[in-house]
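The values are calculated or read from the model by the stated rules, or taken from the named source; none is laboratory data. Quick caveat: nothing in here was measured; it's all calculated off a predicted structure. Neighbour counts are summed over all protein chains in view; Cβ atoms, including those assigned to glycine, are modelled from backbone coordinates with ideal geometry.
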Amino acid sequence: MLTTTELNKYADVLIWGLETARAGMGGKYKKGDIIHVSYNLDALKLAEVLYRKLLQKGFNVIMRMNDTPKMDFDFFDVADKNQLKFLSPWSKSLYNHLNGLIALSAPASLTHLSGVDPKKLTIPSKARKPLNKIRDKREQSGKFGWTLCLMPTEALAKQSKMPLKKYAEEIVKACYLDKPNPVKIWKDLSRKSKAIKERLNNLNIDYLHIESKNINLKIKLGEKRRWLGVSGHNIPSFEIFTSPDWRGAEGVYYANMPGYPSGNYVKGVRLVFKNGRVAEISAEKGEKFVKKRLAIDKGAKQIGEISFTDKRFSLITKFMASGLYDENVGGKYGNCHLALGRSFTDAFRGNPKKLTKKLEKKLGFNDSTLHWDLINTENKKVTAHLKSGRKIVIYENGMFK
């Protein structure tokens, strides 16, 4: 559904994202670097355009098409525990040499895994943890960067209740592919977000108080934290976020935006936090699944991320049935999202090489197989309570102050 011109602009933006993400960790791409491109079948046209551009830049490119929905279903339906945990013998070697990853998501189905036990779904994720550690270590040392994007599909359009053509138009608009030079716009957005992050990082925040019609939540920021965002990792991405100290969450959070986690329709999730952990769970739709999902491990009931999107940046106004887009919705009041589960250790303000598992635990970075973004689009006020005793409103009416 995207034109040749739009596909070429999309590929250029993705390459900008890849290079920007690595530059953010002090790295730089050079000829001969190894780039892995993963893609779904419906993203083939974009993959072909991207492949040529990456070769022209002198990279060694590995292309891999993802499993189809039937393959996904058959894997979890048939595979025994050993097969679920299987990693190819060459995986570790690849991760030790990989310099970049571009993931092109184009799901042909959102619901094909809806009947699979959430605990079973986590087995492959747990098995890949050693590979993720290799990747994270390489990223922290500037040797690796990554980015991802979404292509329109019938499945996404159907669940979003819009025609495929309209869905494709929303992607084009959100990524500025209808503009003459979208990369220039993304560079400008990155600069603007940098000013916001610098201001937040200089506030010396003790805790945040988030208030809306259905939210009344206090979150302790934690020691040695920094704010992140618009780093090239996600296309599009307009959020400013951090990973707080999970132990300091108290109060009520409500997600009014629906979603399809692991193929299950979920809406109206309400969580009550006590002493840093979810103590009460309810949902208007999918409550049974939510409770199962938050029982997969201890960290699943603890906060891994808090994020805010400034409506002045984002052109996303509709439900897109994709976490990538829905967590970046602008609209009338922007959005915030709270992620349960795994923290982003990139939010550590310090030398990443010194962030050991022991220090992560001491600082309140959460560990879990899960990372689930729960989105709220209500009008809200976010007050930063500083360690000096002062209070500053940092976000209101969908905008950073």
**OP:** Restricting attention to region 301-342, report how many residues are of a type in the set (Val, Ile, Thr) and assigned to a strand (DSSP E or B).
**Re:** 3
**OP:** For GLY17, state whether it is under 24 Å from the mean Cα position of the chain (by Cα) and assigned to a helix (DSSP H, G or I).
**Re:** yes
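Results for (1) in contact with a Lys or Arg (Cβ under 8 Å, 6 or more places away or on another chain); (2) assigned by TED's automatic domain parsing to the domain that holds ILE123; (3) surrounded by fewer than 21 Cβ atoms within 10 Å (Cβ to Cβ), shown as yes or no for each residue.
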residue: ILE281; (1), (2), (3): yes, no, yes
residue: LYS288; (1), (2), (3): no, no, yes
residue: LEU294; (1), (2), (3): yes, no, no
residue: PHE308; (1), (2), (3): no, no, no
residue: MET320; (1), (2), (3): no, no, no
residue: ASP326; (1), (2), (3): no, no, no
residue: CYS336; (1), (2), (3): yes, no, no
residue: ALA347; (1), (2), (3): yes, no, no
residue: GLU360; (1), (2), (3): no, no, yes
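Conditions (1) in contact (Cβ under 8 Å) with a residue 12 or more places away in the chain; (2) out of contact with any Lys or Arg (no Cβ under 6 Å at 6 or more places or on another chain); (3) crowded, with 17+ Cβ neighbours inside 10 Å, marked per residue:
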| residue | (1), (2), (3) |
| --- | --- |
| GLY26 | yes, yes, no |
| GLY32 | yes, yes, no |
| ASN40 | yes, yes, yes |
| ALA47 | yes, yes, yes |
| MET63 | yes, yes, no |
| TRP90 | no, yes, no |
| HIS97 | yes, yes, no |
| LEU104 | yes, yes, yes |
Original post:
Regarding ARG342, is this residue touching a strand residue (DSSP E or B) at 6+ places or on another chain (Cβ under 9 Å) and surrounded by fewer than 22 Cβ atoms within 10 Å (Cβ to Cβ)?
Top reply: no
Original post:
For residues in region 166-209 being surrounded by fewer than 19 Cβ atoms within 10 Å (Cβ to Cβ) and part of a loop (DSSP other than H, G, I, E, B), which is farthest from the chain's Cα centre (by Cα)?
Top reply: PRO180
Original post:
Listed residues LYS31, LYS53; which is part of a loop (DSSP other than H, G, I, E, B), more than 28 Å from LYS129 (Cα to Cα) and not assigned by TED's automatic domain parsing to the domain that holds LYS353?
Top reply: LYS31
Subject >> Residues of region 155-192 satisfying the condition of being among the β-branched types (Val, Ile, Thr) and either in contact (Cβ under 8 Å) with a residue 40 or more places away in the chain or in contact with a Gly (Cβ under 6 Å, 6 or more places away or on another chain) (or both) >> reply: ILE171, VAL172, VAL183
Original post:
Among the candidates GLY276, GLY259, GLY232, which residue alone is under 27 Å from GLY145 (Cβ atoms) and either of a type in the set (Gly, Ala, Ser) or surrounded by 22 or more Cβ atoms within 10 Å (Cβ to Cβ) (or both)?
Top reply: GLY232
Original post:
What residue, among those in region 65-88 that are within 20 Å of ALA106 (Cα to Cα) and free of Cβ contacts under 8 Å to residues at least 24 places away in the same chain, is surrounded by the most Cβ atoms within 10 Å (Cβ to Cβ)?
Top reply: PHE75
**OP:** Out of the residues in region 296-306 that are out of contact with any Gly (no Cβ under 8 Å at 6 or more places or on another chain) and of a type outside the set (D, E, K, R), state the one that is surrounded by the most Cβ atoms within 10 Å (Cβ to Cβ).
**Re:** ILE306
